[in-house]
2 protein chains.
Amino acid sequence: MQFTVSSIGKVVREDGYHVLAVDEEYRGGLSGLQGFSHMIVVWWAHLYAQDEYRQIKVLDSPYTYGPGKIGVFATRSPVRPNPLGISVVQIDAVDPDTGVVKTPYIDAEQGTPILDIKPYHPSEDRIREVAVPEWCEDWPKWMEDSEDFDWEKVFNF
Amino acid sequence: MQFTVSSIGKVVREDGYHVLAVDEEYRGGLSGLQGFSHMIVVWWAHLYAQDEYRQIKVLDSPYTYGPGKIGVFATRSPVRPNPLGISVVQIDAVDPDTGVVKTPYIDAEQGTPILDIKPYHPSEDRIREVAVPEWCEDWPKWMEDSEDFDWEKVFNF
């Protein structure tokens, strides 16, 4: 089965902060988002949306210490059957009138189409007892600690 | 801009547990998912995929103590421009050969099309300092505590 999704806005990377620029017709949907400290952004990984990427099921591992081959559903790679990205990001400001949602950082490229925005609810999204495979056990245990982590030693890029 | 997504499987609710039944052509993508305790499932809210729902930007609040009106991007309602659901769920078992991924519970209906599966990484998805609006401040602070919470007093259903 196939379904159609529409872009509701795009990622704009400015000096010093990142912005979700929400299209005019969708701005009413932002009311009430202020008050949440974090949101979940669903985006379209447009740089990896070609069929040649979407047919890939197993990747040469992008992780230095990971398994040599890894299924796409065990990674956060943008290479996957549906090039959907999910980012949990901090909310700095929400302006429903202009459609501008400011965040310190989102790991999506300039111009990335945005498909959805959801509030981050601890009751649904925050796991107390979480386990990961041995090869990523030394990664940060909290999103806040990721900024200072040496990701270059973890990824093969 | 519009994009096309494909179902990679569906939700099957059995007695005592829930299952993601992944279609044969996508099963290779599951290798390596075992070892993670939790995953993020992206699903298509097929019961709310009609145009009449997708045009709605502001809802009468589904929350008993919430604001009277609330933008769809400030809710986790399946009513939204792109009917994408996101659930963080526990992984009980992964079988790449049969495409069966077992979980104790997922808040998606029987037969819900699945679009993507991603590993839950604390370094990306787990927020230490999280704030929510006053009207949902007494909700659980952890997903594990949600099972025993009295959700009926929170929702207007």
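The residues of segment A:35-57 that are at pLDDT 95 or above and closer than 30 Å to B:Glu137 by Cα, listed by number, are A:Phe36, A:Ser37, A:His38, A:Met39, A:Ile40, A:Val41, A:Val42, A:Trp43.
Counting only residues that are aromatic (Phe, Trp, Tyr) and touching a strand residue (DSSP E or B) at 6+ places or on another chain (Cβ under 9 Å), segment A:49-75 holds 2 of them.
Against the list (1) farther than 15 Å from B:Thr112 by Cα; (2) within 15 Å of the chain's Cα centre (by Cα), the condition B:Ala45 fails is (1). Restricting attention to segment A:128-148, the residues that are under 18 Å from the mean Cα position of the chain (by Cα) and either on the phi > 0 side of the Ramachandran plot or of a type outside the set (D, E, K, R) (or both) add up to 5.
Of the residues making up segment A:64-74, those that are facing chain B (nearest Cβ under 10 Å) and either surrounded by fewer than 21 Cβ atoms within 10 Å (Cβ to Cβ) or assigned to a loop (DSSP other than H, G, I, E, B) (or both) are A:Gly66, A:Pro67, A:Lys69. The residue that is surrounded by the most Cβ atoms within 10 Å (Cβ to Cβ), among those in segment B:111-128 that are among the aliphatic types (A, V, I, L, M) and within 7 Å of chain A (Cβ to nearest Cβ), is B:Ile117.
Given the condition outside any strand (DSSP E or B), more than 9 Å from chain A (Cβ to nearest Cβ) and hydroxyl-bearing (Ser, Thr, Tyr), answer yes or no: does some residue in segment B:49-56 qualify? Yes, the conditions are met somewhere in segment B:49-56.
Among the residues of segment B:8-36, just one is within 7 Å of another protein chain (Cβ to nearest Cβ) and under 16 Å from the mean Cα position of the chain (by Cα), namely B:Ile8.
When A:Gly111 is tested against (1) more than 14 Å from B:Ile117 (Cα to Cα); (2) touching a helix residue (DSSP H, G or I) at 6+ places or on another chain (Cβ under 7 Å), just one condition goes unmet, and that condition is (2).
Restricting attention to segment A:13-51, the residues being farther than 18 Å from B:Phe73 by Cα and hydroxyl-bearing (Ser, Thr, Tyr) number 2. Scanning segment B:129-145 for residues that are in a loop (DSSP other than H, G, I, E, B) and surrounded by fewer than 17 Cβ atoms within 10 Å (Cβ to Cβ) yields a count of 6. Among the residues of segment A:49-62, are any in contact with a helix residue (DSSP H, G or I) (Cβ under 8 Å, 6 or more places away or on another chain) and more than 22 Å from B:Asp23 (Cα to Cα)? No, segment A:49-62 contains no residue that is in contact with a helix residue (DSSP H, G or I) (Cβ under 8 Å, 6 or more places away or on another chain) and more than 22 Å from B:Asp23 (Cα to Cα). Looking only at segment B:80-95, residues that are part of a loop (DSSP other than H, G, I, E, B) and facing chain A (nearest Cβ under 9 Å) come to 4 in all. When residues in segment A:96-120 are screened for being on the phi < 0 side of the Ramachandran plot, in a loop (DSSP other than H, G, I, E, B) and more than 16 Å from the chain's Cα centre (by Cα), 3 of them pass.
When A:Ser61, A:Ser77 are checked against the criterion of being facing another protein chain (nearest Cβ under 9 Å) and among the hydroxyl-bearing types (Ser, Thr, Tyr), A:Ser61 stands alone in meeting it.
The values are calculated or read from the model by the stated rules, or taken from the named source; none is laboratory data. What you are looking at is a predicted structure, and each value in this text was computed from that prediction instead of being measured. Note that we place each Cβ from the backbone using ideal geometry, even for glycine, and neighbour counts take in every protein chain shown.
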